[in-house]
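Only one structure is covered here, and it is reproduced in the block below.
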Ligand SMILES: *Cc1c(COP(=O)(O)O)cnc(C)c1O
């Protein structure tokens, strides 16, 4: 790795292509065969390779994780006026597709043990809305939600479960890959994710018929006819063959990226974990996270804003944790089930730079800047 200059920008999480150049090789193949158009060998192989990696029967390569959630909701039969349970503590892309379908989100609080959907709040939501059509579960920052408890509740109510695993590719719950517990799982290859294709997504499921349907919808719902015939609403959501080539290359270094993210987290925890008021995101013993973003909460006199300001002065990127959906102007009119957990996480949380290209020197630069705030 090239040595970092003294004040070179350190990013939160930016694209990191393999040193071996795998991505370019697959893209080159697409060029050599003039297979630049959507679909082709890379798309088919990327689907197979990702499905094998996570242990799912089928996968459909799409243009974004958001599109994958949208089509998962359609596959679940979610339509106008239907209720969908959704974690409040997430990125807005989890909730937006519910609105695309003219359905109604009900936001569910987190618990401190997982930072993800609280099973107790979920159970309460079922009492209030027994007619709910689908549940979306998120594995935030690569930490898995407590899937045993969540699946038990959802199975009891025979409701479709969609796992938004956009942030948890390479992360496992009790040995099983996140995104494979529910009826549908989705992944994202957006630029800031653990591996990226510059933009893209994947829907996985063991239901072959539904995945075939998702591919059909994603390519404008063209019926089998010589002329352009449509009996259903279509979408232009398919991944292109060039993009899929990047994905195939990136998939080869996913394990390496997880290892590096873990190293970054452990570096921070070792160096900062003892500072007054600092608590790192929870790593449960059943969890094998991908450590996408190293995050922590602050309860003492040093606030998240102090850390972000001090780091920015050193040309280092950091971020608050996600602002809960029930506090967002666009979503605040929808119901929320829970207490103040996600709100408190938002008030006290900060995401530290977790870029896999960081060197030890970079990590020391971050740590030194943060520690300085406790010396004042
Ligand atoms: C990134 C992300 C998405 C959206 O994925 P895109 O590929 O950017 O559309 C959805 N949910 C969560 C939790 C994400 O972090």
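The values are calculated or read from the model by the stated rules, or taken from the named source; none is laboratory data. Quick caveat: nothing in here was measured; it's all calculated off a predicted structure. In this analysis, Cβ positions are derived from the backbone assuming ideal geometry, glycine residues included, and neighbour counts consider all displayed protein chains.
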Q | Subset of the range 182-231 (residues that are in contact with a helix residue (DSSP H, G or I) (Cβ under 7 Å, 6 or more places away or on another chain) and away from the ligand (no atom under 16 Å from the Cβ)) | A | 205, 210, 213, 217
Q. With 81, 77 as the choices, which residue is in contact (Cβ under 8 Å) with a residue 40 or more places away in the chain, out of contact with any helix residue (DSSP H, G or I) (no Cβ under 9 Å at 6 or more places or on another chain) and not in a helix (DSSP H, G or I)?
A. 77
Q: Could you please let me know if residue 353 is touching a residue at least 40 places away in the same chain (Cβ under 8 Å) and either surrounded by fewer than 16 Cβ atoms within 10 Å (Cβ to Cβ) or under 22 Å from residue 192 (Cβ atoms) (or both)?
A: yes
Q.
Quick check on the range 300-335: of everything there that is part of a strand (DSSP E or B) and surrounded by fewer than 21 Cβ atoms within 10 Å (Cβ to Cβ), which residue is farthest from the ligand (Cβ to nearest atom)?
A. 320
Q) Considering only the range 124-149, how many residues are outside any loop (DSSP other than H, G, I, E, B) and buried (at least 24 other Cβ atoms within 10 Å of the Cβ)? A) 10
Q) If residue 343 passes every condition in (1) part of a loop (DSSP other than H, G, I, E, B); (2) within 30 Å of residue 123 (Cβ to Cβ) but one, which one does it miss? A) (1)
**Q.** Residue list for the range 34-53, restricted to those being farther than 13 Å from residue 238 by Cβ and away from the ligand (no atom under 16 Å from the Cβ)
**A.** 34, 35, 36, 41, 45, 48, 49, 51, 52, 53
Q. Which of the residues that make up the range 269-299 are closer than 18 Å to residue 372 by Cα and crowded, with 22+ Cβ neighbours inside 10 Å?
A. 296
Q.
Would you confirm whether or not the range 111-120 contains a residue that is at pLDDT 95 or above, closer than 22 Å to residue 56 by Cβ and within 15 Å of the chain's Cα centre (by Cα)?
A. yes
Q) Quick one: in the range 51-79, which of the residues that are surrounded by 24 or more Cβ atoms within 10 Å (Cβ to Cβ) and within 16 Å of the chain's Cα centre (by Cα) is nearest to residue 250 (Cα to Cα)? A) 61
Q: Output yes when any residue across the range 105-123 is farther than 30 Å from residue 349 by Cβ and either in the same structural domain as residue 333 (by TED's automatic domain parsing) or touching a strand residue (DSSP E or B) at 6+ places or on another chain (Cβ under 9 Å) (or both), and no when none is.
A: no
Q: Give me a count of the residues in the range 150-176 that are surrounded by fewer than 22 Cβ atoms within 10 Å (Cβ to Cβ) and either more than 18 Å from residue 119 (Cα to Cα) or near the ligand (Cβ under 9 Å from one of its atoms) (or both).
A: 3
Q) Looking at (1) more than 30 Å from residue 32 (Cβ to Cβ); (2) surrounded by 14 or more Cβ atoms within 10 Å (Cβ to Cβ); (3) touching a residue at least 40 places away in the same chain (Cβ under 8 Å), which is the one condition that is false for residue 208? A) (2)
Q: Considering each of 84, 106 in turn, give the residue that is under 21 Å from the mean Cα position of the chain (by Cα), under 26 Å from residue 323 (Cβ atoms) and away from the ligand (no atom under 16 Å from the Cβ).
A: 106
